[in-house]
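To start, the structure under review is shown below, and the notes come after it.
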Amino acid sequence: MRQVQIEGQAERAGEHPSAMESLVRPEVAGLPAYDPGADPDEVSRSYGPTRIIKLSNNESPYGVSAGVVEAVRRRLAAGVARYPDPMGKRLAEAIGDKLAVSTEHVILGNGSENILELLSPALLGAGDIVTIQAPCFSLHEIFPRMMGARVDKVPFTADFGFDTAGWLRALAADPKIVFIASPSNPTGVILDREQLDTILDATPETALVVLDDAYHEYAMSNPSYPDGLEVLRGLSRPWIVLRTFSKAYGLAGLRVGYGIASDARLVDALNRVRTPYNVNQVAQDAAVAALDDQAHLAETVRRTGLERTRITKALRAAGFRVAPSASNFLFIDTEQSAVVVAEQLLRSGIIVKPWREPGYEGFIRASLSLPEENDVFVRRLLEICALGRSNGDRPSTYP
Ligand SMILES: *Cc1c(COP(=O)(O)O)cnc(C)c1O
């Protein structure tokens with residue numbers, strides 16, 4: 001009796017679909033899959049271009065500092081036969097020193113995604129309510145749903161603004177966790193101090209506020225951007241701020257992120273549900289070295305900021321609606337099927353993320369890369385979108 005036949009998957013000898021159907025928890029079977037974007041090798045194979053411009057994962061085109069390369073070399077030379085430090089003491093101390101917190105308030109993760117993941121089994125059960133932004137980083141939704149939690153979404157306003165009434169309504173439902181990303185992914189938009197305070201004031205004191213600060217470093221110089229960690233540490237309520245070495249620090253491939261929590265007991269709970277050696281030793285060493293080179297970070301942020309201004313301006317001049325980003329990516333309304341536009345970009349070897357959420361099916365998210373790569377992207381996007389529009393009211397040349 002076959003009941004489950006996952007689309008496109010032919011059944012092989014020894015497989016037992018009906019057994020799998022009863023083995024896999026219904027919460028898991030119904031989860032949306034995480035979309036990592038197109039694979040560069042696959043794009044080369046399928047479409048031909050050997051030069052791939054990857055603008056799909058908000059990575060840094062400026063890479064890591066020389067100190068990080070040296071730290072990685074040193075660790076490899078010393079050998080990797082031993083398990084890593086399960087508590088990541090040196091890195092936790094370096095983070096603690098930089099942010100003036102004690103190490104009992106620091107949790108390390110295999111990427112900050114890992115900490116997003118740990119929060120769910122540590123805090124959530126079936127029927128708990130979680131409040132998130134929409135559109136948002138998909139893992140804010142996926143991990144809580146895994147536990148059977150209900151996820152309530154608060155959309156941005158039509159012009160990427162803050163919907164005060166929407167937030168107040170959602171927070172009145174008594175959530176257990178509230179996820180906020182500022183800058184948000186995929187919009188790049190930040191919350192100003194007043195908006196952040198609106199959320200914090202309306203969040204039940206029993207709820208955990210999770211501030212996903214993955215793009216913190218890019219937004220720091222924006223005068224409207226409040227440092228969430230500074231705001232939260234003045235409050236007596238549960239909170240955790242998540243940051244990462246994957247974005248501005250350029251360490252995405254090594255997987256290391258961290259959380260600063262209001263309460264050592266929260267860190268203790270997260271430590272209990274994590275796998276003991278979640279952050280490898282090369283990543284720990286690299287992250288310590290990355291923290292040590294703030295000049296490299298500042299240069300990455302400075303160059304990214306120049307490109308953000310330049311490319312936003314160019315796209316808007318060509319008639320595109322672009323969300324006001326404070327980050328290292330742009331959320332762009334193509335006014336046509338984003339999936340189709342993204343597919344055409346793939347043919348030129350350019351990888352972006354088409355959005356699929358209802359209401360945003362015309363949007364692509366494109367990371368800011370090196371100036372020359374950004375130029376290739378904009379030029380190609382203009383060509384594609386001019387072709388896709390019958391009224392032809394957009395210039396098809398750039399600059
Ligand atoms: C990229 C990203 C992360 C985490 O990345 P890690 O590589 O796991 O540290 C977390 N939140 C948001 C919103 C992101 O965009």
Can you tell which of Pro204, Pro155 is closer than 18 Å to Ala323 by Cβ and either within 15 Å of the ligand (Cβ to nearest atom) or surrounded by fewer than 23 Cβ atoms within 10 Å (Cβ to Cβ) (or both)?
Pro155
Looking only at the stretch 257-266, decide whether some residue is closer than 25 Å to Arg82 by Cβ, within 19 Å of the chain's Cα centre (by Cα) and either in a helix (DSSP H, G or I) or modelled with pLDDT of 95 or more (or both).
yes
Leu108 being in contact (Cβ under 8 Å) with a residue 12 or more places away in the chain, under 18 Å from the mean Cα position of the chain (by Cα) and buried (at least 22 other Cβ atoms within 10 Å of the Cβ)
yes
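This table checks each residue for (1) closer than 18 Å to Leu381 by Cβ; (2) assigned to a helix (DSSP H, G or I).
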{"position": "Ala298", "(1), (2)": "no, yes"}
{"position": "Val301", "(1), (2)": "no, yes"}
{"position": "Thr304", "(1), (2)": "no, yes"}
{"position": "Thr309", "(1), (2)": "yes, yes"}
{"position": "Lys313", "(1), (2)": "yes, yes"}
{"position": "Phe331", "(1), (2)": "yes, no"}
{"position": "Gln336", "(1), (2)": "yes, no"}
{"position": "Val340", "(1), (2)": "yes, yes"}
Considering only the stretch 342-363, state which residues are modelled with pLDDT of 95 or more, within 21 Å of the chain's Cα centre (by Cα) and not in a strand (DSSP E or B).
Ala342, Val352, Trp355, Tyr360, Glu361, Gly362
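Filter the stretch 315-329 for residues that are assigned to a strand (DSSP E or B) and free of Cβ contacts under 8 Å to residues at least 40 places away in the same chain; which is nearest to the chain's Cα centre (by Cα)?
Quick first cut of the stretch 315-329, residues assigned to a strand (DSSP E or B) only: 321-322, 329.
Now restrict to residues that are free of Cβ contacts under 8 Å to residues at least 40 places away in the same chain: 321-322.
Values: Arg321: 22, Val322: 19 Å.
In this case the residue turns out to be Val322.
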Would you pick out the residues in the stretch 251-264 that are within 11 Å of the ligand (Cβ to nearest atom), in contact (Cβ under 8 Å) with a residue 40 or more places away in the chain and out of contact with any helix residue (DSSP H, G or I) (no Cβ under 7 Å at 6 or more places or on another chain)?
Ala252
Taking the stretch 131-152 and keeping residues assigned to a strand (DSSP E or B), away from the ligand (no atom under 15 Å from the Cβ) and touching a residue at least 24 places away in the same chain (Cβ under 8 Å) leaves Thr131
If you check Gly109 against the conditions, is it within 14 Å of the ligand (Cβ to nearest atom) and under 30 Å from Asp285 (Cβ atoms)?
yes
Inspect all residues belonging to the stretch 38-54 and state whether any of them is surrounded by 13 or more Cβ atoms within 10 Å (Cβ to Cβ), modelled with pLDDT under 95 and among the small types (Gly, Ala, Ser).
yes
Being within 16 Å of the ligand (Cβ to nearest atom), at positive phi and of a type in the set (Phe, Trp, Tyr): is that true of Phe179 here?
no
Within the stretch 76-93, can one find any residue that is at pLDDT 95 or above, assigned by the TED database to the domain that holds Gly349 and within 19 Å of Ala248 (Cα to Cα)?
no
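Please work out which residue is surrounded by the fewest Cβ atoms within 10 Å (Cβ to Cβ), limiting yourself to the stretch 234-269 and to residues that are of a type in the set (A, V, I, L, M) and under 25 Å from Arg303 (Cα atoms).
Among those that are of a type in the set (A, V, I, L, M) and under 25 Å from Arg303 (Cα atoms), it is Ala252.
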Odd one out for Asn271, checked against (1) more than 11 Å from the ligand (Cβ to nearest atom); (2) part of a loop (DSSP other than H, G, I, E, B); (3) of a type in the set (S, T, N, Q)
(2)
Any residue at all in the stretch 173-190 that is under 27 Å from Ala29 (Cα atoms) and among the aromatic types (Phe, Trp, Tyr)?
yes
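A quick yes/no check of all residues on (1) more than 30 Å from Trp355 (Cα to Cα); (2) touching a strand residue (DSSP E or B) at 6+ places or on another chain (Cβ under 7 Å):
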{"site": "Ala264", "(1), (2)": "yes, no"}
{"site": "Thr309", "(1), (2)": "no, no"}
{"site": "Ala318", "(1), (2)": "no, no"}
{"site": "Leu330", "(1), (2)": "no, yes"}
{"site": "Glu335", "(1), (2)": "no, no"}
{"site": "Val341", "(1), (2)": "no, yes"}
Looking at (1) away from the ligand (no atom under 16 Å from the Cβ); (2) touching a residue at least 60 places away in the same chain (Cβ under 8 Å); (3) surrounded by fewer than 18 Cβ atoms within 10 Å (Cβ to Cβ), which one does Gln294 not meet, given that it meets all the others?
(2)
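The values are calculated or read from the model by the stated rules, or taken from the named source; none is laboratory data. Small disclaimer: the values here were computed from a predicted structure and weren't measured. Heads up, the Cβs are rebuilt from the backbone with ideal geometry, glycines too, and the neighbour counts pull from every protein chain shown.
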